[in-house]
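> Here it is: the structure, laid out below.
Read-outs throughout are calculated quantities, based only on the coordinates presented, and are distinct from any laboratory measurement. Note that the structure is a prediction, hence the values are computed from the model and not measured. Don't worry about glycine lacking a Cβ; one is built from the backbone with ideal geometry, like all the others, and counts go over all protein chains shown.
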Amino acid sequence: MKKYLCVGSGNIEAHWLPRWYKVPFEECILYHDSNVFDIEEQHTHLIPLIIRPNGDYDIKIAKTEHLLNGG
C-alpha cells in the first residue's frame, strides 16, 4: 500500500526523497513536477514528502504537517 507522495522539482529528483525521509521506497508514489498543489489534490490520502528549502528532511515533521492540514 502506498503511503507517501514524493514530489521532486528543479535539481532534486523524486527518487531521492524516500532515502532522505527514511521511508521504504515501495511505499512511495514518485512525481517530478513543479505544480505540487495539483498533484496533492489528486492524492489527498498520501503524506506528501517534498523538498524543503531549509534542508530539514524529517518524517515526523511531514506526518505532523499532514495531520495539521487535515490529512
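> Relative contact order (percent) for region 4-68, with alpha-carbon contacts under 8 angstrom and 6 or more residues of separation?
Rounded, it is 40 percent for region 4-68.
> Something else now. Semi-axes of region 4-68's equivalent ellipsoid from the Cα gyration tensor, sqrt of 5 times each eigenvalue, largest first, rounded to whole Å? It would help to have the intermediate numbers written out before the result.
On the way: eigenvalues 43, 42, 29 Å².
In descending order, the three semi-axes are 15, 14, 12 Å.
> Charges at C-beta only: +1 for Lys and Arg, -1 for Asp and Glu. How large is the resulting dipole of region 4-68 about its Cα centre, in Debye rounded to 20?
Details: 5 positive and 10 negative charges, 59 e Å.
With Lys and Arg at +1 and Asp and Glu at -1, about 280 debye.
> Turning to a different aspect of this structure: By how many nm would the segment from GLU26 to ASN69 lengthen if fully extended, with 0.36 nm per residue of separation less the alpha-carbon distance?
My answer for the length gained is 13.0 nm.
> Can I ask one more? At 0.36 nm per residue, and after removing the present C-alpha to C-alpha distance, how many nm does the segment from LYS60 to HIS15 gain when stretched out fully?
14.3 nm
> From the backbone phi of region 12-25, what are the Karplus-calculated ³J(HN,Hα) couplings (6.51 cos²θ - 1.76 cosθ + 1.60, θ = phi - 60°) in whole Hz, Gly and Pro given as x?
9, 7, 4, 5, 7, 4, x, 5, 5, 8, 6, 10, x, 4
> Please list 25-31, 58-64, 47-53 highest first by mean number of surrounding beta-carbon atoms within 10 Å per residue.
47-53, 25-31, 58-64
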